[in-house]
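Asker: My structure is below; once you've seen it, I'll send some questions.
What follows draws every value from the coordinates through simple rules; no lab data is involved. As the structure is a prediction and not an experimental result, all values here were calculated from the model. Positions of Cβ are backbone-derived with ideal geometry, glycine not excepted, and every protein chain shown enters the neighbour counts.
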Amino acid sequence: MKRAQGFAVATIIAACVSPIGSTAFASDRGCHSRSSECYERVRLPDVYRTVERRVVVSRGHREVVTIPARYAYRTERVLVSPQRVHTHRIPAVYRIVHDRVMVSPARVHYTRGPAIYRNVHKHVVVRPASVRWERQITRRGVERLCKIHVPAITRTVTRRVLVSPGRKIRHVQPAVYRTQARRVLIRPASIRHVTSPAVYRTQKRRVLVQAASRRVINHPPVIETHRERVLVRRGGYVWKASYRR
């Protein structure tokens, strides 16, 4: 597409430029006519941009450092004679104690007392009151019907009633004791240990405090950032349309 556009522009310029040379002027029939377009050759500048780049100034390395051993003198207690223990046996101590011992425990038994009664008199109806009818004939020979009320027949009945039942009476029989002698331990048999302390003396001794060792130190690399101007696109010449007259 770009090649086609360049070819078209070159054709137009070739029509406007005189065959005498690039400095020759066009005739009135050429580029200076109202119906023609002219192009000029223009220089384009180079295009640059700034790029940051990391550069190793010094490489990282490992350093091995040797640390010597450290010693010190310490004061120590040395055992001359060990501790000794002597054993003494102590017999047990007893005494006679008189105790009150129960032979038979206390006992409780109960008896029943006599019950209390009383006589209660009550009227009982033997036959309730009733009504009966009687026929009577008067002297004049008239028959009459009479209503006669018959009273109730009662009698008195005596009954024995329980007022309070027989009371439960508690009887306590005390316990029976006797005195008994027994042997009581006051202090048990024991073993007494007598300790003879150990004997020490003081002496100085060289002691390793810290063993010799090696230490590895890692030195990291030193890196710096550099800025550089890099050419992105190189400039050239292009044909640019000029003003129409």
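Asker: Net charge near G235: determine it from the other residues with C-beta under 10 Å of the C-beta of G235, scoring Lys and Arg +1 and Asp and Glu -1.
Answerer: After counting each charged neighbour, the total is +2.
Asker: Give me the net charge of R155's neighbourhood, meaning all other residues with Cβ under 11 Å from the Cβ of R155; Lys, Arg count +1, Asp, Glu -1.
Answerer: Surrounding charge for R155 is +2.
Asker: Taking only the alpha-carbon positions of region 91-191 and ignoring solvent, what does the Debye formula give for the base-10 log of I(q)/I(0) at q = 0.12, 0.13, 0.14, 0.25 Å⁻¹?
Answerer: Each listed q maps to, in turn, -0.81, -0.84, -0.88, -1.20.
Asker: Now, a different point. Taking a ≥ b ≥ c as the square roots of the Cα gyration tensor eigenvalues, with a/c under 1.5 meaning rounded and otherwise prolate when a/b beats b/c, else oblate, which class fits region 116-245?
Answerer: On the way: a/c = 22.48, a/b = 1.88, b/c = 11.98.
The shape class here is oblate.
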